[in-house]
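What follows is a short report on a single structure.
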Amino acid sequence: MAKGNELRPVVKLRSTAGTGFTYVTRKNRRNDPDRLTLTKYDPRVGRHVEFREER
């Protein structure tokens, strides 16, 4: 199986607060074909902010 064509690729989620903090997760391409956005905790800001998928 080719790495570049996985159904559940590893994606980086970067904070929109501008701190540069990232989370790493996997996503299912069939269920989430668009870029992923999640609200998660950013320890550099000390609060929950939106994280967006980075490509």
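Data table
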read-out: Considering residues of the stretch 43-55 that are of a type in the set (Lys, Arg) and not in a strand (DSSP E or B) only, the residue surrounded by the most Cβ atoms within 10 Å (Cβ to Cβ); value: Arg44
read-out: Test: residue in the stretch 14-28 that is touching a residue at least 40 places away in the same chain (Cβ under 8 Å) and surrounded by 11 or more Cβ atoms within 10 Å (Cβ to Cβ); value: yes
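Quick note: the coordinates plus some simple rules give every number you see, no bench work behind them. Given the structure is predicted, the values throughout are model-derived calculations rather than measurements. For neighbour counting, all protein chains shown are included, and Cβ atoms are generated from backbone atoms with ideal geometry for every residue, glycine included.
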